[in-house]
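The values are calculated or read from the model by the stated rules, or taken from the named source; none is laboratory data. Bear in mind that the values here come from a model prediction, so they are computed numbers and not experimental data. Glycine also receives a Cβ, built like all others from the backbone with ideal geometry; neighbour counts cover every protein chain displayed. The protein model used for the area step is the full one, side chains on, heavy atoms only, and it has no ligands, DNA or RNA in it. Shrake-Rupley method; radii C 1.70, N 1.55, O 1.52, S 1.80 Å.
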Amino acid sequence: MKEQVVTNGIHTYTDAEKYVPADSPAVQEHINWFMGLKLGLMMHWAPGCQLGTYESWPLSDGDGSWSQEDVDWTDIPTFKEQYINANKTFNPVKFRPDRWASLAKECGFRYLLFTTKHHDGFCMFDSETTDYKITHESCPFHTSPYADIAGSLYDAFRKEGLAISAYFSKPDWHSDYYWHSEFGTAPTRNMNYNIKEHPDLWKKFEEFTHRQILELGRNYGKIDVLWLDGGWVSKDNLDQDIHLEKVVETLRSTTQPHLIVCDRCVGGPYENIITPEKQIPDQPLFIPWETCATVGERFSFHYTDHFKTGRELVHMLLNVVSKGGNLALNIAPQPDGELPKPAVESIKNMGKWLALFGDGIYETSIIPPYFQERIKYTQKSGNIYAYFLYDEIPDLPNMLSLTIDADIREIRSMRTGQSLSFECKGGQTLIHTEKLLLDEAFYAEGFVLGLAV
């Protein structure tokens, strides 16, 4: 049995040395394009958000020691009933996908990563495989013109020119084919029966999962990334093989020839991008990767959440991009369909910074030495970009020393456009910054180092 890849709901990530490059030219080309987007808006949202607790995980008693810690208003069996039936009261009447998409574009996001289905099995899209979905009459929101939430978001974000990454959970704790009622309470996050003893039941689960993935790939327009969560559903763990290759190749040979797949923590040819969660590698990775992190403290909605500042978000983005990755930044929408105001304020502040300094973020690649203590580097189109990270109170030294040894013809401030004097010696580039006005400096200062032709 393969060691579990999830601790307290947080995935680790596949060893970069075990990465298997895509063999399809169309997929490889799309990976290269996608890795230039750099910043994605991630969203965990489902009816369970009304309870203000962890998403899905408290349903798994095997993960109860941490996931059920904030269930303090009732007993766990009652809580599970409340959570499962939350669809019957879910009515996010303030949901406006066009406003979310417009906000995302304003704040510098280039793609959407949305939870079409989390482990609890609730579909935020119009699936024909189940009644446990946002468009079913049991959910008050089914009468809204935006009832198919995933579809509404995809249409709105595409209109703003943003790409689509579809989160989909492989395990489904609502499906009788995974947690079968005949076998009682599921003791862990895994299926609650022996697959070798009940191969017919597992076959039904495999077919059920394939149907849902095909619905997303055939009914919802262009999907850039199929982002598969639940890495414990793997042939190397309790024989949980869903034969992913069949459904992926079906989509690639028909509606989605470019389709990028993130089979998280499983490795092999269908983990085209590895996905560290709430962590950033210490060193650059020379394969496609994306960190998913949170604006608040958790991925799910909490009424008492605390949110990172714009400065913290910018520094996180620079840390990721200077090491070659993308950042998928999660905001959990409120039960009423609006986004938490403190989170919106933080991403708007990040967006203001990107409006000035984003040229050295998007479509860039890494360059040695990648980073110094307070400096992050990227490169693009014959330019090197250097970012100096500010403390809360901006303070720029009069002489900035960069560990860059290159034939530089000019250095400009990205914020003011002014040329700055510099000197290169001993493998260092020294920038004279004493004449650079700091009146509007915030979060991080950016410099463009133009290389001689």
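Take residues that are surrounded by 15 or more Cβ atoms within 10 Å (Cβ to Cβ) and in contact with a strand residue (DSSP E or B) (Cβ under 7 Å, 6 or more places away or on another chain) and tell me which of the helices (runs of 4 or more DSSP H) falling wholly in segment 67-164 contain 3 or more. Lay out the reasoning, then the answer.
Numbers: elements: 76-84, 97-106, 149-159.
So the answer is 149-159.
List the number of the failed condition for G9; all other conditions in (1) open to solvent by 40 Å² or more (accessible area, probe 1.4 Å); (2) at pLDDT below 95 hold.
(1)
Name the one entry in K425, K341, K435, K376 that is at negative phi and in the same structural domain as R110 (by the TED database).
Sole residue among the options that is at negative phi and in the same structural domain as R110 (by the TED database): K341.
With respect to the numbered conditions (1) buried (at least 20 other Cβ atoms within 10 Å of the Cβ); (2) among the hydrophobic types (A, V, I, L, M, F, W, C); (3) out of contact with any Ser or Thr (no Cβ under 8 Å at 6 or more places or on another chain); (4) assigned to a helix (DSSP H, G or I), which one is the sole condition not fulfilled by F299?
Of the numbered conditions (1) buried (at least 20 other Cβ atoms within 10 Å of the Cβ); (2) among the hydrophobic types (A, V, I, L, M, F, W, C); (3) out of contact with any Ser or Thr (no Cβ under 8 Å at 6 or more places or on another chain); (4) assigned to a helix (DSSP H, G or I), the odd one out for F299 is (4).
Of all residues in segment 383-407, which are among the hydrophobic types (A, V, I, L, M, F, W, C) and surrounded by 18 or more Cβ atoms within 10 Å (Cβ to Cβ)? Even if it seems obvious, please write down each step before you answer.
Taking segment 383-407 and keeping what is among the hydrophobic types (A, V, I, L, M, F, W, C), we get 384, 386, 388-389, 393, 396, 399-400, 402, 404, 406.
Within segment 383-407, I384, A386, F388, L389, L400, L402, I404 meet the criteria.
Read through the list (1) closer than 26 Å to E207 by Cα; (2) touching a residue at least 60 places away in the same chain (Cβ under 8 Å); (3) of a type outside the set (F, W, Y), then give the number of the only condition that N87 fails.
N87 satisfies every listed condition except (2).
Quick one: count up the residues across segment 421-433 that are modelled with pLDDT under 90 and either closer than 18 Å to K352 by Cα or assigned to a loop (DSSP other than H, G, I, E, B) (or both). Break it down stepwise before answering.
The first filter runs over segment 421-433 and keeps only residues modelled with pLDDT under 90, leaving 425-427.
From the residues that got through so far, the ones that are either closer than 18 Å to K352 by Cα or assigned to a loop (DSSP other than H, G, I, E, B) (or both) too are 426-427.
Residues flagged as modelled with pLDDT under 90 and either closer than 18 Å to K352 by Cα or assigned to a loop (DSSP other than H, G, I, E, B) (or both) within segment 421-433 amount to 2.
Exactly one condition in (1) part of a loop (DSSP other than H, G, I, E, B); (2) open to solvent by 10 Å² or more (accessible area, probe 1.4 Å) is not met by G337; state its number.
(2)
Only one of these is surrounded by 21 or more Cβ atoms within 10 Å (Cβ to Cβ), touching a Lys or Arg at 6+ places or on another chain (Cβ under 9 Å) and not hydrophobic (A, V, I, L, M, F, W, C): G40, G36. Name it. Explain how you work it out, then say what you get.
Numbers: G36 fails: surrounded by 21 or more Cβ atoms within 10 Å (Cβ to Cβ).
Testing whether each residue is surrounded by 21 or more Cβ atoms within 10 Å (Cβ to Cβ), touching a Lys or Arg at 6+ places or on another chain (Cβ under 9 Å) and not hydrophobic (A, V, I, L, M, F, W, C) leaves just G40.
Can you name the residue in segment 48-66 that is among the charged types (D, E, K, R) and surrounded by 19 or more Cβ atoms within 10 Å (Cβ to Cβ) and, of all such residues, is nearest to K117 (Cα to Cα)?
Looking at the filtered set, the residue picked out is E55.
Considering segment 363-382 alone, what residues qualify as being open to solvent by less than 60 Å² (accessible area, probe 1.4 Å) and within 18 Å of G310 (Cβ to Cβ)?
K376
Restricting to segment 3-52, count the residues that are assigned to a helix (DSSP H, G or I) and among the β-branched types (V, I, T).
Keep residues of segment 3-52 that are assigned to a helix (DSSP H, G or I), which gives 16-18, 25-34, 47-51.
Next cut, among the β-branched types (V, I, T) only: 27, 31.
Selection size over segment 3-52: 2.
Suppose we filter P77, P97, P92 for residues that are under 20 Å from the mean Cα position of the chain (by Cα) and over 28 Å from P276 (Cβ atoms); which single one remains?
P97
Which pairs turn up if I take residues in segment 127-152 that are assigned by the TED database to the domain that holds A101 and look for partners that are open to solvent by 30 Å² or more (accessible area, probe 1.4 Å) and among the aliphatic types (A, V, I, L, M) with beta carbon separation below 8 Å, at least 6 apart in sequence or on another chain?
If the second residue must be open to solvent by 30 Å² or more (accessible area, probe 1.4 Å) and among the aliphatic types (A, V, I, L, M), the pairs left are F141/V93; S144/V93.
Which residue out of Y167, Y177 is within 23 Å of N330 (Cβ to Cβ), assigned by the TED database to the domain that holds D148 and touching a Ser or Thr at 6+ places or on another chain (Cβ under 9 Å)? Let's see the steps before the verdict.
Working: Y177 fails: within 23 Å of N330 (Cβ to Cβ).
After applying the criteria, what remains is Y167.
Has segment 347-357 got at least one residue that is modelled with pLDDT of 95 or more, charged (D, E, K, R), in contact with a Gly (Cβ under 8 Å, 6 or more places away or on another chain) and outside any loop (DSSP other than H, G, I, E, B)?
Kept after step one, since they are modelled with pLDDT of 95 or more, are these residues of segment 347-357: 347-357.
Pick out the ones that are also charged (D, E, K, R) and you get 348, 352.
Among the residues that remain, those that are also in contact with a Gly (Cβ under 8 Å, 6 or more places away or on another chain) are: 348, 352.
With the extra rule that they be outside any loop (DSSP other than H, G, I, E, B), the set shrinks to 348, 352.
So far as segment 347-357 goes, yes, one or more of its residues are modelled with pLDDT of 95 or more, charged (D, E, K, R), in contact with a Gly (Cβ under 8 Å, 6 or more places away or on another chain) and outside any loop (DSSP other than H, G, I, E, B).
Given Q379, Q372, Q428, Q418, which one is in contact (Cβ under 8 Å) with a residue 12 or more places away in the chain and more than 27 Å from Q283 (Cβ to Cβ)?
Values: Q379 fails: more than 27 Å from Q283 (Cβ to Cβ); Q372 fails: more than 27 Å from Q283 (Cβ to Cβ); Q428 fails: more than 27 Å from Q283 (Cβ to Cβ).
Exactly one of Q379, Q372, Q428, Q418 is in contact (Cβ under 8 Å) with a residue 12 or more places away in the chain and more than 27 Å from Q283 (Cβ to Cβ), namely Q418.
What single numbered condition from (1) touching a Leu at 6+ places or on another chain (Cβ under 9 Å); (2) of a type outside the set (S, T, Y); (3) modelled with pLDDT of 95 or more fails to hold for E215?
(1)
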